[in-house]
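Below is one structure; the comments refer to it alone.
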Amino acid sequence: MELFKQVKFDEPVREKAKLALDVKEILYVLTKSKSVLIGGMIVFIVIFCAIFAPLIATHDPYQMNIGDRLLKPMEHGHLLGTDQYGRDLFTRIIYGARVSLEVGFISVGLSLLIGVTIGLIAGYYGGWIDMIIMRFVDIVLSFPVLLLAIALVAALGPGIQNVILALGVVYWTNYARIVRASVLAIKEEEYIQAAKTIGSSDFRIIFYNILPNCLAPIVVVATLGLGVAIIAEATLSFLGLGIQPPKASWGWTLAFGMKFIRETPYLSLYPGLAIMITVLGFNLLGDGIRDLTDSKLKRK
Amino acid sequence: MATYIIKRLFQFIPVLLGISILVFFLLHLIPGDPALTLLGQDASKEDLARLRNVLGLNEPLWIQLFVFLKNLLQGDLGNSIFQDVPVLNLIFDHLPATLELALLSLIIALIISIPLGILSAVKQFSWLDYSSMFFAQLGISMPVFWMGLLLIIGFSVNLNVLPSFGRGDPIFEATIDTIQTGNLYFIIDSFKHLLLPAFTLGLMSAALITRMVRSAMLEVLKEDYVRTAEAKGVKGYIIILKHVFRNALIPVVTIVGLQFGNLLGGAIVTETVFGWPGIGRLVITAISQRDFPVVQGCVLIIALLFALINLVVDILYAIINPKIQHV
């Protein structure tokens, strides 16, 4: 018993967690990986625009001015022109970043909460619990995700909260599968056996010993998932099922601009460009982080 | 092989049941009284009572589920509230248009992605590799409706060579008409309507498949048997096509199968952009009309098709790679 007390069983765990999120290494890769650098810069700019929207925007996003409707870019001091109600398009796009990021971050957070918890439980306990959970995951994965999100919003009704809920509920399966796979490998490690031997509770083992070692794949999938969630929100809004006017949403602005596609195509072009650049940023960042973690695994 | 296929078919049954139960519960996610939500606040008491009766909402939940599953087994998906016709008839009217669109999109995606993926891998780190990966990354980051919009602006608004809305005659009928009359107009018109939506959907999938083909090819190129073939003096193109691509095909089949399923989902958006009269447009119209039996029926049929495609992919995968049967 004395021998077990001398074993600092948490040390290797901390060491591994430290390895997984080594700040120095991340900073090193930031300067070496073009993907992370470009993606990170794009994401930083979008987040900056969303936070400081009132300072960056040149007009009020909700102020209508019918006299200035459908102005071309650079006309009457409107950088990207105006929409059919005379609202400044540049301002609406800047404010749209807030909505997209809000939906993206909260829905991915919700997916993470559901998926990681379920993945940890399925992987750690195994047996019939794992079997039931994974069969349910198979059933959810049998739906095209966008279709399931559309069906959920159709039932719950449009609006930002329901969009977040639908996307959170639809995308959790990815996280559950990845975390479960990681847990299956990690739970066989010696330090987990040591933790069990000295009587650590399942809760402690799952959340203090196993979870920190699953973080690398979770971060990669969550970063890529942010891009997916932003496109999904824009798609729902485009179909009229997501964010409702007058709130500035890229998808809805783009959809409304389509009515004037022959006269003023830029009304739809610029919001689409904003969506694409933002998603590109998250995708590059996610790919870059994956390259970092993959190369680290290979070195190990 | 037969044992594996039978095993997979048995595993498919609970998935089918699960899909059906999830779709059943969609109606019960509607907050408050579903009948009131579907008909609106102005609905009369008689109309509300009639709809509750049609939807079976007066029965206990487990009886509703049992009736839903029983009707489903008999091919009865209920009636449309708005049009008062069987949902299954509506779906069969619209499904061929969606399948036609998804199939042509997949063909376009494969025509673009397979040569591009092979060339990218063979010429790794060349300008061709960098540019194809750049365009693939852009394609993945682009919302499908925006891609459609760009094509409309380019080919319909500016060049005025392709229609941006609606569908011509179904390809099959157009081909027969063309053969019978000798007039190419029918088939050309049909293709003209199909090209923009099919390219919109196809380009999105092409981006994903190109990346997959490239990475699968790169994995196989590192194998010893490729080096052996090179050492034996086998010609380069034979190594690529006969040794590398054939083995790289295994993961590609999986992603192509999944992409076909995703094309069915993506068709919802594309059909809305191009006014394509498929099942996707039917869903969106039904949602706007609060015609929930139609929404449920469409979701169910698309999910069943998606699950069926996954099953076929799994079986194909086992045929291509016999090792999988023993896992």
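Look at A:Thr223 and say whether it is under 26 Å from A:Ile121 (Cβ atoms), within 14 Å of chain B (Cβ to nearest Cβ), part of a helix (DSSP H, G or I) and in contact (Cβ under 8 Å) with a residue 60 or more places away in the chain. Working first, answer last.
Numbers: under 26 Å from A:Ile121 (Cβ atoms): yes; within 14 Å of chain B (Cβ to nearest Cβ): yes; part of a helix (DSSP H, G or I): yes; in contact (Cβ under 8 Å) with a residue 60 or more places away in the chain: yes.
Yes; evaluated as a whole, the condition is true for this residue.
Of the residues making up the stretch A:234-246, those that are more than 10 Å from chain B (Cβ to nearest Cβ) and either touching an Asp or Glu at 6+ places or on another chain (Cβ under 9 Å) or among the β-branched types (Val, Ile, Thr) (or both) number 2.
Annotation: B:Ser190 fulfils all but one of (1) over 18 Å from B:Leu264 (Cα atoms); (2) at pLDDT 90 or above; the unmet one is (2). Evaluated against (1) within 14 Å of another protein chain (Cβ to nearest Cβ); (2) at pLDDT 90 or above; (3) over 30 Å from B:Asp291 (Cβ atoms), B:Ala102 falls short on exactly one condition, (3). The one condition from (1) more than 20 Å from B:Leu16 (Cα to Cα); (2) within 10 Å of chain A (Cβ to nearest Cβ) that B:Pro277 does not meet is (2). Of all residues in the stretch B:139-161, those being at the interface with chain A (Cβ under 7 Å from one of its Cβ atoms) and outside any helix (DSSP H, G or I) number 2. Screening A:Ala248 against (1) under 14 Å from A:Pro158 (Cβ atoms); (2) assigned to a loop (DSSP other than H, G, I, E, B); (3) not hydroxyl-bearing (Ser, Thr, Tyr) leaves a single unmet condition, (1).
Take the residues in the stretch A:147-174 that are within 10 Å of chain B (Cβ to nearest Cβ) and outside any helix (DSSP H, G or I), then tell me which one is nearest to the chain's Cα centre (by Cα). The extreme case among them is A:Pro158.
Does any residue of the stretch B:29-44 turn out to be within 28 Å of the chain's Cα centre (by Cα), hydrophobic (A, V, I, L, M, F, W, C) and surrounded by 14 or more Cβ atoms within 10 Å (Cβ to Cβ)? Yes: one or more hits.
Let's see how each residue does on (1) more than 23 Å from B:Asp291 (Cα to Cα); (2) out of contact with any Cys (no Cβ under 9 Å at 6 or more places or on another chain); (3) at pLDDT below 90:
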position	(1), (2), (3)
A:Ser111	yes, yes, no
A:Ala122	yes, yes, no
A:Ile129	yes, yes, no
A:Ala149	no, yes, no
A:Ala154	no, yes, yes
A:Gly157	no, yes, yes
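Looking across the stretch B:83-115, not a single residue is in contact with a Pro (Cβ under 7 Å, 6 or more places away or on another chain) and polar (S, T, N, Q). Taken across the stretch B:206-226, residues that are within 13 Å of chain A (Cβ to nearest Cβ) and under 15 Å from the mean Cα position of the chain (by Cα) do occur, with at least one present. The selection criterion, being touching a residue at least 24 places away in the same chain (Cβ under 8 Å), away from every other protein chain (no Cβ under 14 Å), within 18 Å of the chain's Cα centre (by Cα) and over 30 Å from A:Tyr270 (Cα atoms), holds for B:Val253.
Apart from one condition, B:Ser113 fits all of (1) closer than 30 Å to B:Pro170 by Cα; (2) surrounded by fewer than 17 Cβ atoms within 10 Å (Cβ to Cβ); (3) polar (S, T, N, Q); the exception is (2). Taking the criterion of being over 19 Å from B:Leu311 (Cβ atoms) and either touching a Lys or Arg at 6+ places or on another chain (Cβ under 7 Å) or not in a helix (DSSP H, G or I) (or both), the residues of the stretch A:118-139 that qualify are A:Gly119, A:Ala122, A:Gly123, A:Tyr124, A:Gly126.
Which of the following residues is crowded, with 22+ Cβ neighbours inside 10 Å, in contact with a Cys (Cβ under 6 Å, 6 or more places away or on another chain), of a type in the set (Val, Ile, Thr) and part of a helix (DSSP H, G or I): B:Val299, B:Val244, B:Val283, B:Val213? Full working, then the answer.
Numbers: B:Val299 fails: in contact with a Cys (Cβ under 6 Å, 6 or more places away or on another chain); B:Val244 fails: in contact with a Cys (Cβ under 6 Å, 6 or more places away or on another chain); B:Val213 fails: in contact with a Cys (Cβ under 6 Å, 6 or more places away or on another chain).
Only one candidate qualifies: B:Val283.
Figure legend. Inter-residue proximity from the stretch B:316-327: first residues under 17 Å from B:Ala2 (Cβ atoms), second residues outside any helix (DSSP H, G or I) and at pLDDT 65 or above, beta-carbon distance below 9 Å, spacing 6+ or different chains. Indicated pairs: B:Ala318/B:Met1; B:Ile319/B:Met1; B:Pro322/B:Met1; B:Gln325/B:Met1.
The values are calculated or read from the model by the stated rules, or taken from the named source; none is laboratory data. What you see is a predicted model, and the numbers here were worked out from it, not measured in a lab. Here Cβ is always computed from backbone atoms with ideal geometry, including for glycine, and neighbour counts include all displayed protein chains.
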